[in-house]
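Report on the following structure.
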Amino acid sequence: MAVPRSALKKWEKVREFALGMPGAAEEFPWGETVAKVNKKVFVFLGVSDGSYPMGVTVKLKDEAAHAHALTCPGAEPAGYGLGKAGWVSIPLEQKGAPAAELLCDWVEESYRTIAPKRLIAELDAR
C-alpha cells in the first residue's frame, strides 16, 4: 500500500525534528520507529513502509494540547494503557490531519515531559 506523499513528508519532518532534540536517539523496537531520550520513548513514529497507516503518538500532559490533539481526525488515546498516561495517537493520512509544525510542537511537549531537566535546559538555551 502506497503512503500518501503529504503524510510521508509530514512524517519525515516530525522525525527529523524529534531526532534534533538534545540527547535524542532513534530506535526500532517492535518493528517501528521511535525517538528516545535518556532511554525513554518520547514519540512513537510507527512505520513508513506503508504496511500500517502512518501516524505519531506523543505524551501530552498539557490539558489544552491533549484535548486539541484528540479533536484531530482519527486521533485517539494510545493503546496498551498508554492513553491513561496522556499518550495520544494521531494519524497523518486522514483528511484534516494536523500540519507538521503543530505535530512538532506536540513532539516538543512530549520530549519536555520525558527528558531530564539538564537536557530541557539545553533545549531552552538554543
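What the table below lists for this structure:
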| read-out | value |
| --- | --- |
| Residue match in the range 94-106 (condition: open to solvent by 70 Å² or more (accessible area, probe 1.4 Å) and at pLDDT below 95) | yes |
| Hits in the range 6-24 (condition: outside any helix (DSSP H, G or I) and either of a type in the set (S, T, N, Q) or touching a helix residue (DSSP H, G or I) at 6+ places or on another chain (Cβ under 7 Å) (or both)) | MET21, PRO22, GLY23, ALA24 |
| Residue that is least open to solvent (accessible area, probe 1.4 Å) [pool: residues in the range 1-24 that are over 12 Å from the mean Cα position of the chain (by Cα) and among the charged types (D, E, K, R)] | LYS9 |
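The values are calculated or read from the model by the stated rules, or taken from the named source; none is laboratory data. Quantities reported herein were computed from a predicted structural model and do not represent experimental measurements. With ideal geometry, Cβ positions are generated from the backbone for all residues, glycine too; neighbour counts draw on all protein chains shown. With ligands, DNA and RNA removed, areas are computed over all heavy atoms of the protein, side chains included. Shrake-Rupley method; radii C 1.70, N 1.55, O 1.52, S 1.80 Å.
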